[in-house]
Amino acid sequence: MKITREIKTAILVIASILLFIWGYSFLKGRDLLSNYKTFYVQYDNVEGLVNSAPITINGLIVGKVSSIKFLNNAGKIQVELQIKNDFPFSKTSVAAIYEPGLIGGKQIMIIPNFEDKTPAESGMTLMADVKPGLTSLVVDKLTPLQAKVDKMLSSADALLVNVNSILDTKTKENLKSSIANLNETLAEFKVASKNVNQMLADNKGKFSSTMTNVDKASANFAKLSDSLAKANIGKTVKNLEKTLASVDKIMADVQSGKGTLGKLAKDDKLYTNFAQSTKELELLLQDLRLNPTRYVNVSLFGKKNKPYKAPTAEQLATDSIAKKKP
């Protein structure tokens, strides 16, 4: 059968039209030669998502975005997803917009809900979510840092203004004068240091002799320490402790009235008797001084002595006064 030129032209035109339709659909995200499932997701903001953006499940590309359009006058946006992978996921899975990198643009990842066993069917509307991208995270971190930098710059600016207000002409002159005085002080300190070094050099022999004496004193002290270490100090301390214990016991006996010292310290009767005896001895001595003939009597004719009668205190006082009169 001979194919005419008109039939060839018609076949070529039809093939071109079909190829154009397929290419147009492919560019719009629809693959007419593949089986796929269609799902819908509604977002308030698509974050720059475009047609033909990849759709992934656990990082594997399973489809692409076929269309993005406004759903109503409230600004709700509906995104149509074309998924050609047979991986099953539940109807409660989440379609999240995320940014895989700085250059790749926005994509959609399906986050399956494995706890829900009800599979998602073609034509269902999935739950939507938007994950913050790297740019958003960087902006979120840089925003408070920028505020801190601005605050620091403001503080630095205020500090510089205060410094400029303090460093007026008079203050600058005073500062220059202080620096000049400091230079003079350093120069004088340099001269003094030089003199000290010269003095040390001149008296080096004396310092050496002094250090030698210090060494000898240290050696003598070491010998003294050795002698003290060899001495039986422990025994001496023990004997001293025993002596102190004996003294403490004696003092305790005295305080309690034991022994001769204790009775002398605590017995009032003994003290009274001792005081009375002392008084009587005093009267006897005074009477002996005033009337010696009562005690020593020499008689040549054998006269009988009168019996002794102890004088009273009043008599002794009267005799004493009479003796003192001329």
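Would you point out which residue out of K204, K176, K223 is within 30 Å of N164 (Cβ to Cβ), without any contact (Cβ under 8 Å) to a residue 40 or more places away in the chain and not aliphatic (A, V, I, L, M)?
K176
Going by the conditions given, is A158 under 17 Å from N45 (Cβ atoms), outside any loop (DSSP other than H, G, I, E, B) and not hydroxyl-bearing (S, T, Y)?
No: the conditions fail for A158.
State the number of residues belonging to the stretch 216-246 that are hydrophobic (A, V, I, L, M, F, W, C) and modelled with pLDDT of 85 or more. Even if it seems obvious, please write down each step before you answer.
Taking the stretch 216-246 first, the residues hydrophobic (A, V, I, L, M, F, W, C) are 217, 219, 221-222, 224, 228-229, 231, 233, 237, 240, 244-245.
The next check asks that each one be modelled with pLDDT of 85 or more; those that pass are 217, 244-245.
Within the stretch 216-246, residues that are hydrophobic (A, V, I, L, M, F, W, C) and modelled with pLDDT of 85 or more number 3.
Say we look at the stretch 32-70 and pick out the residues that are aromatic (F, W, Y) and crowded, with 16+ Cβ neighbours inside 10 Å; which of these is farthest from I21 (Cα to Cα)?
Across the stretch 32-70, the extreme among qualifying residues is Y43.
Does at least one position in the stretch 160-175 carry a residue that is hydroxyl-bearing (S, T, Y), surrounded by 10 or more Cβ atoms within 10 Å (Cβ to Cβ), over 39 Å from the mean Cα position of the chain (by Cα) and on the phi < 0 side of the Ramachandran plot?
Filtering the stretch 160-175 for residues hydroxyl-bearing (S, T, Y) gives 165, 169, 171.
So of that shortlist, the ones also surrounded by 10 or more Cβ atoms within 10 Å (Cβ to Cβ) come out as 171.
Retained after the next criterion (residues that are over 39 Å from the mean Cα position of the chain (by Cα)): 171.
The next check asks that each one be on the phi < 0 side of the Ramachandran plot; those that pass are 171.
Yes: the stretch 160-175 contains one or more residues that are hydroxyl-bearing (S, T, Y), surrounded by 10 or more Cβ atoms within 10 Å (Cβ to Cβ), over 39 Å from the mean Cα position of the chain (by Cα) and on the phi < 0 side of the Ramachandran plot.
If a residue has to be touching a Leu at 6+ places or on another chain (Cβ under 8 Å) and modelled with pLDDT of 90 or more to count, how many in the stretch 92-104 make the cut? Lay out the reasoning, then the answer.
To start, the set of residues in the stretch 92-104 that are touching a Leu at 6+ places or on another chain (Cβ under 8 Å) comprises 93-95, 97, 99, 101-102.
Then keep just the ones that are modelled with pLDDT of 90 or more; that gives 93-95, 97.
Of the residues in the stretch 92-104, 4 are touching a Leu at 6+ places or on another chain (Cβ under 8 Å) and modelled with pLDDT of 90 or more.
The values are calculated or read from the model by the stated rules, or taken from the named source; none is laboratory data. Source: prediction; values computed, not measured. Neighbour counts run over all protein chains shown; Cβ positions are idealised from the backbone, glycine included.
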